[in-house]
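Worksheet: one structure, shown below.
The values are calculated or read from the model by the stated rules, or taken from the named source; none is laboratory data. What you see is a predicted model; the values in this text were computed from it and never measured. Glycine also receives a Cβ, built like all others from the backbone with ideal geometry; neighbour counts cover every protein chain displayed. Heads up: the accessible areas ignore ligands, DNA and RNA and are worked out on the full protein's heavy atoms, side chains in. Shrake-Rupley method; radii C 1.70, N 1.55, O 1.52, S 1.80 Å.
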Amino acid sequence: MDQFLTTIEPFKQLPSAERQRLARISTEKRYEKGETIYREGQASDAVWVVKTGRVHLMKFLGDGKVSTTCVMTPGEMFCCLPALDRKPYPVDAVAAEDSVVIRIPQDAFHQAMNRSPTFSQETVCLFCDRLRQVEYKSCMIYEPAEQRLAQVLVTLSKKFGTTIPLTRHELAEIAGTTHETAIRTLSQFKKQGLIRSSRGATTILRPEKLSALTGGS
């Protein structure tokens, strides 16, 4: 586990002895696709890192709709707010595919922050960037579905590359639109030659054109 932590931020900033201490008291756990790691409102007691697979942070709304706030991939730490303020988890964390996650006890994580100013600074910067992305996504909710889906694809391509291994239903939950609207909009993208779709995946063919739909250059 220590070797894995040396490859990801912000843990690579820790002194070796401190990182090894975290590795010794951390645990790995496997979750099957669809299994819940923690639930909204549950008392937080750990910081989590995806080792393999994919984890979605999801908000289940009162009208039965679901919003995916973040997609976490291997090497990414999640539950940023509770990691800092120790308050309950604000969303559900669900394994979107068979996954292995690392559970780091919250108290030990805070001790590492107190002992290493560099680690603490990098952690705060990482979480601030994550929150900035969520804030930007919330501002996009009033934009047309075409623009939102284009932005989702562009953002996810930074994690996965040109082929994004998510279903249209998952893309709809991230973009904050209906499954039907996502199907219709992605079909338009396909007709325009912007993407190629297959079962459970979307490949971006013209990233510059897709980026232009988001208002980017």
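Values for this structure:
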| quantity | calculated |
| --- | --- |
| Lone qualifier among Arg54, Arg132, Arg103, Arg86 - being under 25 Å from Lys12 (Cβ atoms), in contact with an Asp or Glu (Cβ under 6 Å, 6 or more places away or on another chain) and among the charged types (D, E, K, R) | Arg54 |
| From the options Glu173, Glu146, Glu180, Glu135, residue that is in contact (Cβ under 8 Å) with a residue 40 or more places away in the chain, out of contact with any strand residue (DSSP E or B) (no Cβ under 6 Å at 6 or more places or on another chain) and either open to solvent by 60 Å² or more (accessible area, probe 1.4 Å) or over 20 Å from Lys209 (Cβ atoms) (or both) | Glu146 |
| Top-ranked residue of region 76-132 - restricted to ones that are among the β-branched types (Val, Ile, Thr) and surrounded by fewer than 18 Cβ atoms within 10 Å (Cβ to Cβ), ranked as nearest to Val50 (Cα to Cα) | Val100 |
| Residue match in region 66-76 (condition: among the aliphatic types (A, V, I, L, M) and under 20 Å from Cys128 (Cβ atoms)) | yes |
| Filter pass, Phe189 being touching a residue at least 40 places away in the same chain (Cβ under 8 Å) and open to solvent by less than 30 Å² (accessible area, probe 1.4 Å) | yes |
| Residue count for region 12-50, restricted to those that are buried (at least 18 other Cβ atoms within 10 Å of the Cβ), in contact with a strand residue (DSSP E or B) (Cβ under 8 Å, 6 or more places away or on another chain) and not in a loop (DSSP other than H, G, I, E, B) | 9 |
| Which numbered condition Ser198 misses (of (1) open to solvent by less than 70 Å² (accessible area, probe 1.4 Å); (2) small (Gly, Ala, Ser); (3) closer than 21 Å to Ala96 by Cα) | (1) |
| All strands (runs of 3 or more DSSP E) inside region 61-113 with 2 or more residues being among the small types (Gly, Ala, Ser) and at pLDDT 95 or above | 92-95 |
